[in-house]
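Note sheet for the following structure.
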Amino acid sequence: MNEAVIGESRRLEMVSLPGIVTPTEAFAALAAGASGLKLFPASQVGIANMQAMMAVLPAGTELYAVGGIGIDNFAAWRGAGVHGAGLGTALYTPGLTAAEVGERARALVTAWQQAL
């Protein structure tokens with residue numbers, strides 16, 4: 001979470017989703033103008049802690065889970081209230097072909113859509 005980056009992205013009329021892990025960082029990011037928040041690493045924070053954080057954030061705050069999120073746990077995270085997920089190794093790891101990444105992407109989209 002970097003207030004200068006948030007400020008510049010907003011000045012350029014871009015969406016700003018800074019990474020946060022604590023409520024203090026979340027409130028500072030929102031005060032700096034963040035469009036929403038990226039909880040990272042979500043798998044280490046856990047769903048119960050994420051829900052506790054969401055309970056004190058302003059209503060309507062969008063929170064995206066990043067880090068350890070994928071097909072196996074989309075339903076749990078989505079059911080717990082996250083607005084979206086950021087994907088890294090669930091989508092791409094070195095050595096995969098474009099076709100394999102495409103297959104993963106389609107599987108991830110299907111899983112996300114079925115998670116509710």
Top positive-direction residue, dipole computed over the chain with Cβ charges, set Val82, Phe40, Ala98
Val82
Between Thr89 and Ala59, how high is the FRET efficiency from 1/(1 + (r/R0)^6) when r is the Cβ-Cβ distance and R₀ = 25 Å? Nearest 0.05.
0.15
Label 7 Å along Cα→Cβ of Arg10; segment 23-40 residues with amide nitrogen under 19 Å?
23-39
Label zone at Ala28, where the point sits 7 Å out along the Cα-to-Cβ direction: segment 34-67 residues whose backbone N lies under 16 Å
34, 37-41
Tabulate in residue order the Karplus-calculated ³J(HN,Hα) for segment 60-76, using 6.51 cos²θ - 1.76 cosθ + 1.60 with θ = phi - 60°, rounded to whole Hz; enter x for Gly and Pro.
x, 5, 7, 10, 10, 8, 9, x, x, 9, x, 3, 5, 10, 3, 4, 5
Using only the Cα atoms of segment 3-114, build the gyration tensor, take square roots of its eigenvalues as a ≥ b ≥ c, and label the shape rounded, prolate or oblate: rounded if a/c is under 1.5, else prolate if a/b is larger than b/c, else oblate.
oblate
About its Cα centre, the chain carries a charge dipole, from +1 on Lys and Arg Cβ atoms and -1 on Asp and Glu Cβ atoms, whose size in debye to the nearest 20 is 120
One finds the C-alpha centres of segment 1-40 and segment 61-116 to be spaced, in Å, by 22
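FYI, it's all coordinate maths here, none of it is from the lab. As the structure is a prediction and not an experimental result, all values here were calculated from the model. Using ideal geometry, Cβ is built from the backbone for each residue, glycine included, and neighbour counts are taken over all protein chains shown.
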